[in-house]
1. Buried (at least 17 other Cβ atoms within 10 Å of the Cβ), among the β-branched types (Val, Ile, Thr), more than 20 Å from Asp132 (Cβ to Cβ) and touching a residue at least 24 places away in the same chain (Cβ under 8 Å): which single residue out of Val106, Val110, Val85 fits that description?
2. Of everything in region 23-46 that's over 15 Å from Arg91 (Cα atoms) and surrounded by 13 or more Cβ atoms within 10 Å (Cβ to Cβ), which residue is farthest from the chain's Cα centre (by Cα)?
3. Looking at (1) surrounded by 15 or more Cβ atoms within 10 Å (Cβ to Cβ); (2) closer than 15 Å to Tyr143 by Cα; (3) modelled with pLDDT of 95 or more; (4) not aliphatic (A, V, I, L, M), which is the only condition Gln12 fails?
4. Under 28 Å from Leu152 (Cα atoms) and polar (S, T, N, Q): which single residue out of Thr23, Thr55, Thr15 fits that description?
5. Take the residues in region 113-131 that are within 21 Å of Asp53 (Cα to Cα) and surrounded by fewer than 14 Cβ atoms within 10 Å (Cβ to Cβ), then tell me which one is modelled with the highest pLDDT.
6. Within the set of pairs 6 or more residues apart or between chains, which connect a residue that is farther than 13 Å from Ser41 by Cβ and touching a residue at least 12 places away in the same chain (Cβ under 8 Å) inside region 51-63 to a residue that is crowded, with 17+ Cβ neighbours inside 10 Å and of a type in the set (D, E, K, R) with Cβ atoms less than 6 Å apart?
Amino acid sequence: MAATPITTFSVQLITGDRSGAGTDGDVYIGIAGREFYIDSSRSADDDFERGSDRTYVFGAGSNVRFHNENDPRSPYQIFVEDIDVVPAYIRFVPQDRTDNWNLEEVTVIVNNGDAKLQALGALSSPAGSPQDNLWLGTHYGLYCSLWTVSILGMDQSPRARAR
């Protein structure tokens, strides 16, 4: 079976609406063996501020800065089948040791539905309680792993398999 190229993917990031939640630090997504820089192409946007809900598109229909360098089609093509081969994550690079960011929810959609990944928000912990936010920073940790919810229409959620 031929591998399915990832031509586009979107990342919805919701920053918490709590004191000190926003940041001017850098944010990246790792998916299918590559890492991509997340930043709006609109220079007037102040990304990752308290209460923000933004969707970033990579590849076809891109709305991110440095779109040529952050394209899943080139210079190194990535594939849907590789999503579960290597860990997917959000990585935060704080401006300094005191910079923190409160991440409330992440949803990633690949090729308009070939795959879906999530963290926090609607995704519940194994005990069933919602994980509604995660602080990231030098003293909290810098990564948030993403759960694969579905690939090519098949439910991949570890929580769904356990039911």
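1. Numbers: Val106 fails: more than 20 Å from Asp132 (Cβ to Cβ); Val85 fails: buried (at least 17 other Cβ atoms within 10 Å of the Cβ).
When all the criteria are applied, what remains is Val110.
2. We begin by selecting, within region 23-46, every residue over 15 Å from Arg91 (Cα atoms); these are 40-46.
Narrowing further to those that are surrounded by 13 or more Cβ atoms within 10 Å (Cβ to Cβ): 40-41, 45.
Numbers: Ser40: 14, Ser41: 17, Asp45: 18 Å.
It comes out as Asp45.
3. (2)
4. Numbers: Thr23 fails: under 28 Å from Leu152 (Cα atoms); Thr15 fails: under 28 Å from Leu152 (Cα atoms).
The unique qualifying residue is Thr55.
5. For region 113-131, the residue satisfying everything is Gly113.
6. Here the result reads Gly59/Asp71, each pair linking region 51-63 to a residue that is crowded, with 17+ Cβ neighbours inside 10 Å and of a type in the set (D, E, K, R).
The values are calculated or read from the model by the stated rules, or taken from the named source; none is laboratory data. Quantities reported herein were computed from a predicted structural model and do not represent experimental measurements. Quick reminder, even Gly has a Cβ in these numbers, built from the backbone with ideal geometry, and neighbours come from all protein chains shown.
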